[in-house]
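First the structure, in the form of structure tokens, and then the observations on it.
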Amino acid sequence: MASPPPRRSSLGIVSLLMALFGAVFLAGLVVVASIIADSAPGDTGGHSAGISLVGVELLFLIGLQLIAAGMGVASLRRPGEGRLFGLLGTATAVFIILMALLLTLAGRLA
């Protein structure tokens, strides 16, 4: 008799949803940062308060993605459950963290 298929991992599903939310949030931050940068009058040499707020939100995003990656890894370690959603959640969260860090470095170099 064939064994039943493994259950879907609830931690993996939540991890993937959090990572996808982070991707949408990062895209929104890029749009907001570009609007703030375009609306700055001239080259003041400093940064506006709006850009500082975007930086704080970017730190929140990275923290959220670290939690999502941790939940994905925990999902991969649970026996008797499927691993697909945990793997997708972990990979997506790590990708979003790398993109956020890359955008931060690009902003610092510009």
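For this structure, a couple of remarks:
- The residues listed here are 36, 51, 67, 13; of these, the one that is open to solvent by 80 Å² or more (accessible area, probe 1.4 Å), β-branched (Val, Ile, Thr) and part of a helix (DSSP H, G or I) is 67.
- Residue that is modelled with the lowest pLDDT, among those in the range 86-104 that are open to solvent by 60 Å² or more (accessible area, probe 1.4 Å) and over 12 Å from the mean Cα position of the chain (by Cα): 103
- Test: residue in the range 71-83 that is within 24 Å of residue 32 (Cβ to Cβ), assigned to a helix (DSSP H, G or I) and modelled with pLDDT of 95 or more: no
- Those residues of the range 16-33 which are touching a helix residue (DSSP H, G or I) at 6+ places or on another chain (Cβ under 7 Å), open to solvent by less than 50 Å² (accessible area, probe 1.4 Å) and closer than 18 Å to residue 56 by Cβ, in sequence order: 22, 26, 29, 33
The values are calculated or read from the model by the stated rules, or taken from the named source; none is laboratory data. Note that this is a predicted model, so its numbers are computed, not measured. FYI the Cβ positions are ideal-geometry reconstructions off the backbone, even for glycines, and counts take in every protein chain you see. These area figures cover heavy atoms from the full protein model, side chains too; ligands, DNA and RNA do not enter into them. Shrake-Rupley method; radii C 1.70, N 1.55, O 1.52, S 1.80 Å.
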